[in-house]
Structures are given as C-alpha cells and as structure tokens.
Amino acid sequence: MRCLAVLVLLLFSLAQPGLADLRSDTLGLARLGWNYQLRSAMFRRDTTIPVHIHGRDLSGAALCIVGDPPDPQTTETLKAFGALLDRTYGKPLPMRFAGAEARACGFGRRVVLRLYSGTPPHDALTRDLAWLDRVHALGLPKGRRYRATTPGMAQTFFGRRGAATHLLVQQGGEAPSDPLSRAYFRSILVEELFQSFTFGMDILKLDRQAPFLSKLEEIPLDLRRLPWGSEAFMAALLRSNPARLCPFDVLMLHAVAASPVGQTTDPAFLDWIDAAFDSLSDQAQATLSDARLAPVLDAACAPFAP
C-alpha cells in the first residue's frame with residue numbers, strides 16, 4: 001500500500017475507465033493512478049519543504065536491504081524487478097544487504113527496503129525513519145513511534161536535503177512451500193516496489209466482474225478482523241488485486257521512464273501518454289516477451305491487445 005508520506009491526503013476520481021479500447025483504458029487508469037493532488041499534510045509536517053513528484057526520480061537509485069536477509073523467493077522477485085527496471089529505465093537496480101540497521105545504508109541515492117518475517121518490527125521501523133529524518137531533514141515529529149499498519153508499506157518523504165523512500169515488507173522466510181503463501185508474499189513485495197518506483201497510487205475497483213488491468217487496482221475489502229498471515233487474510237488480499245504486474249503496468253513504467261514532463265502528477269503527463277501511445281505500446285509488448293520478467297508478471301491480467 002503506497003503512502004506518499006509528505007504525508008498527504010490524496011484525492012482522485014473513483015470512476016472506472018471505459019473499456020472501449022486499449023488506449024482509453026490506459027488513459028483512464030493512468031488518470032486514476034497518477035493524476036492526483038496533494039491537498040493537506042498529516043502529522044504536522046513542515047509544509048514549506050518543496051515536493052516534486054516524478055516516477056523517474058528513483059531511476060538508477062540503489063536498493064539497500066535491511067532487517068532479515070532476503071529469502072529465495074524474495075531474491076528471485078528482486079532480480080526480476082531489477083531486470084524490468086533495466087528494460088524500462090535503461091539503468092540497473094544495484095542491490096545490497098546492509099544488515100540490521102538502515103544507518104548502514106549510508107548516503108547517496110538509495111531506497112531502503114526492510115524485510116521481516118513474523119512479528120512486525122515497529123521499533124526498527126521507528127529507528128529507520130528517525131535516521132532518514134536526520135539525513136534528509138524530513139521534518140517528522142520528534143519522538144514519534146511508528147507502527148506497521150499493513151504487511152507491505154511504501155513511504156516517500158520529502159525533506160530539505162532531498163527525498164527518502166522506505167519500504168517495509170513481510171516475507172515468508174525460508175521458502176514457504178504452499179502456493180497460497182508464496183503468491184501472497186510475492187504479491188505484496190511486487191506492489192510496494194512498483195508503487196515506489198513509479199509513484200502510482202491505489203485505484204479503487206468497483207466492478208468485481210471485469211478483469212484486472214493493473215496491479216494498482218484494488219477491490220475494497222475489510223480485513224481488520226483477520227490476523228495477518230492467516231489463510232483467510234492471504235486469500236482475501238490475493239482476491240483484491242492482481243498477484244503481479246499487468247501489461248498496463250509495464251507500459252506505465254515505459255511512460256514514466258521516457259516522459260518529458262516536469263511531474264508525473266501533471267495532466268500534461270496524460271497528454272504525453274496519449275501522443276506517444278503507439279510507441280509506448282510497442283515498447284511494452286517487447287518488454288513483456290522477456291523471459292527474465294516472469295516472476296513479476298501476471299498472466300491472469302486482461303491481455304494487452306487493441
């Protein structure tokens with residue numbers, strides 16, 4: 001679940017796009033996922049800190065992994081996502097495991113990914129964000145304790161010394177054998193990675209019968225009474241959106257990578273996608289044929305065809 005932790009409330013239309021053709025589907029979903037507005041800040045953030053939102057801002061950034069070492073499925077997923085970024089952004093995704101604490105990630109352009117198995121690491125999350133606050137002058141409230149509110153969380157903070165992106169994702173540990181667990185843990189990792197590297201936002205899906213077109217789409221569910229990690233919780237979450245990325249998502253990665261507009265939240269971003277649609281479609285088709293990307297692509301999504 002993506003949180004633009006300026007931290008902000010996001011307002012966007014909840015109407016679903018028409019299904020007349022591929023172009024209208026793409027523009028409709030892009031409008032819902034990227035054309036949002038920042039209206040009010042939460043947690044008394046310093047509103048004088050400038051905010052700039054462009055999905056390409058993380059192109060070439062390194063992924064610094066902390067907490068638990070990545071398990072085999074997580075490693076496979078990260079490698080496939082890195083290959084996808086290489087295809088779309090034209091730059092690799094350097095990765096390294098830095099140990100228990102985010103401060104070991106050092107400085108420079110990097111995304112912090114904290115992995116955990118079992119109990120959510122609330123104290124470690126709090127230390128991570130306190131360190132990022134010191135490094136980037138984020139203006140976060142002093143002494144605040146942060147908690148994991150979902151098994152997967154992605155937050156981008158904007159500070160006086162640059163932006164900071166932090167992901168907290170639960171993994172299954174040493175190779176969960178049952179298909180449900182494997183699909184669940186892969187799904188939440190893919191979602192947080194995609195939203196972090198594109199600035200795409202959740203899209204409410206009201207039509208439960210129509211096929212999914214994007215990983216961003218979510219059928220509204222109330223999971224508050226289901227314990228994390230239970231079969232009921234995992235199954236419900238997997239029903240709420242695609243398990244991996246859809247063809248639309250690959251097209252949007254190409255769009256974010258190549259867009260000449262200043263911010264991908266601007267309406268001009270949609271105009272550019274419309275004008276460049278044929279080229280973007282061809283690029284996405286070629287990328288979808290790359291066998292290395294299979295661990296992060298969902299064959300159950302609506303097909304990518306005019």
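Bear in mind that the values in this text are calculations on the coordinates, not laboratory data. Remember, predicted model here, so these are calculated numbers, not experimental data. Here the Cβ is made from the backbone with ideal geometry for all residues, glycine too, and neighbour counts use every protein chain on show.
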Item checked: Segment Leu221-Ala236, extension gain: residue separation times 0.36 nm, minus the distance between their alpha carbons -> 4.6 nm
Item checked: Reported label for calculated log10 I(q)/I(0) by the Debye sum over Cα atoms at q = 0.07, 0.10, 0.12, 0.16 Å⁻¹ given (1) -0.25, -0.52, -0.77, -1.47; (2) -0.41, -0.78, -0.99, -1.23; (3) -0.28, -0.59, -0.85, -1.41 -> (1)
Check: Taking the Cα-to-Cβ direction at Asp278 and at Ala210 and moving 7 Å from each Cα, how far apart do the two end points lie in nm?
Finding: 2.7 nm
Next item on the list: Would you list, by chain and number, the lysines whose Cα falls below 25 Å from the Cα of Lys79, excluding same-chain residues fewer than 8 positions away?
Entry: Lys91, Lys215
Next item on the list: Could you run the Karplus curve 6.51 cos²θ - 1.76 cosθ + 1.60 with θ = phi - 60° over the range 248-265 and give me ³J(HN,Hα) per residue in whole Hz, x for Gly and Pro?
Entry: 4, 5, 5, 4, 5, 4, 5, 5, 4, 5, 9, 4, x, 6, x, 9, 7, 8
Next item on the list: Classify the range 89-135 as rounded, prolate or oblate, taking a ≥ b ≥ c as the square roots of the eigenvalues of its Cα gyration tensor: rounded when a/c is under 1.5, otherwise prolate if a/b is larger than b/c and oblate if not.
Entry: oblate
Next item on the list: Rounded to the nearest Å, what's the spacing between the alpha carbon centres of the range 92-131 and the range 205-260? Just the number, please.
Entry: 25 Å
Notebook entry, point to check: What are the ³J(HN,Hα) values, in whole Hz, obtained from phi via the Karplus relation 6.51 cos²θ - 1.76 cosθ + 1.60 with θ = phi - 60°, for each residue of the range 135-148 in sequence order, with x given for Gly and Pro?
Noted result: 6, 9, 6, 6, x, 6, x, 6, x, 6, 9, 9, 10, 6
Notebook entry, point to check: Once phi is turned into θ = phi - 60°, what whole-Hz ³J(HN,Hα) does the Karplus curve with 6.51, -1.76 and 1.60 give for every residue of the range 209-220, x standing for Gly and Pro?
Noted result: 8, 5, x, 5, 10, 8, 4, 6, 5, 9, 7, x
Next item on the list: Select from Pro50, Pro179, Pro295 the residue whose mean-square fluctuation is largest in a Gaussian network model of the chain (Cα-Cα springs shorter than 10 Å).
Entry: Pro179
Item checked: Sparsely packed chymotrypsin sites (Phe, Trp or Tyr not before Pro) within the range 107-160, loop by DSSP, other Cβ within 10 Å at most 15 -> Phe107
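Taking only DSSP H segments of four or more residues, each worth -39500 (n - 2.57), what value at 222 nm results for the chain once the sum is divided by all its residues, to the nearest 500 deg cm²/dmol?
Result for the chain: -11500 deg cm²/dmol, rounded to the nearest 500.
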Notebook entry, point to check: Using unit Cβ charges (K, R positive; D, E negative) and no other charged atoms, how large, in debye to the nearest 20, is the dipole of the chain about its Cα centre?
Noted result: 1220 debye
Checklist line | Label-to-label distance, nm, for residues given as Leu180 and Ala268 (7 Å Cα→Cβ offset) | finding: 5.0 nm
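Ranked highest first by the average count of other Cβ atoms within 10 Å around their residues, in what order do 180-193, 86-99, 223-236 fall?
Final packing ranking: 180-193, 86-99, 223-236.
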Notebook entry, point to check: Of the peptides 63-69, 159-165, 248-254, 194-200, how do they stack up when ordered by the mean number of other Cβ atoms within 10 Å, highest first?
Noted result: 248-254, 194-200, 63-69, 159-165
Check: Hey, rough spin-label estimate for Glu76 and Phe97, points 7 angstrom out along Cα→Cβ, what's it come to in nanometres?
Finding: 1.7 nm
